[in-house]
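Note sheet for the following structure.
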C-alpha cells in the first residue's frame, strides 16, 4: 500500500488530483499488486504545493519537483525501481507541461520498516499485510 508525495511550487500542475490518481495507479501496476479494495483504498498520491520561495537548490533555483515513494520492504526489485523513477519523472513533466522538468525531478524510493504500515489503527508487518491481501483475494 504505497504512498506517494509530490512537492512542487504552487502552479506547477494544472490538475493535481489527476496527477495524484495517475501516479497511484501507475505504482500499483508496476508493483503488480492485486487489484483488491484493500490496496486500491490505501494506495494514494498527495500533491503538496509550496509557496514561491519555499524550495531551493544550492544556486537558489526553485523550479524542481520532489517525489517520495514509500513502499513496504521488498516491494520494488531493481527493475521496478527503474520503472518507477522513469515513469514518474515522465508523468511529472507531462503533468506540468514542461518536458525540461525531467532534468529537475527528484524521485526518492523509501521502504517502510517492519511494522511501519499503520492501517486501520494497527501497525502492520509485511506478513500481516500479505495475509490480509490473501484473505481478500480468496473471497
Answer from 57, 126, 42 - the residue that is over 18 Å from residue 10 (Cα atoms) and free of Cβ contacts under 8 Å to residues at least 60 places away in the same chain: 126
Selected residue [in contact (Cβ under 8 Å) with a residue 12 or more places away in the chain and out of contact with any strand residue (DSSP E or B) (no Cβ under 6 Å at 6 or more places or on another chain)] from 50, 101, 70: 101
Residues of segment 1-18 classified as within 21 Å of residue 52 (Cα to Cα), surrounded by 14 or more Cβ atoms within 10 Å (Cβ to Cβ), in contact (Cβ under 8 Å) with a residue 40 or more places away in the chain and touching a strand residue (DSSP E or B) at 6+ places or on another chain (Cβ under 6 Å), total: 5
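For every residue, the table says whether it meets (1) at pLDDT 95 or above; (2) touching a helix residue (DSSP H, G or I) at 6+ places or on another chain (Cβ under 6 Å); (3) under 15 Å from residue 110 (Cβ atoms); (4) not in a loop (DSSP other than H, G, I, E, B).
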{"site": "11", "(1), (2), (3), (4)": "yes, no, no, no"}
{"site": "18", "(1), (2), (3), (4)": "yes, no, no, yes"}
{"site": "34", "(1), (2), (3), (4)": "no, yes, no, no"}
{"site": "55", "(1), (2), (3), (4)": "no, no, no, no"}
{"site": "66", "(1), (2), (3), (4)": "yes, no, yes, yes"}
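The values are calculated or read from the model by the stated rules, or taken from the named source; none is laboratory data. The structure presented is a predicted model; accordingly, all values stated were derived computationally and were not measured. In this analysis, Cβ positions are derived from the backbone assuming ideal geometry, glycine residues included, and neighbour counts consider all displayed protein chains.
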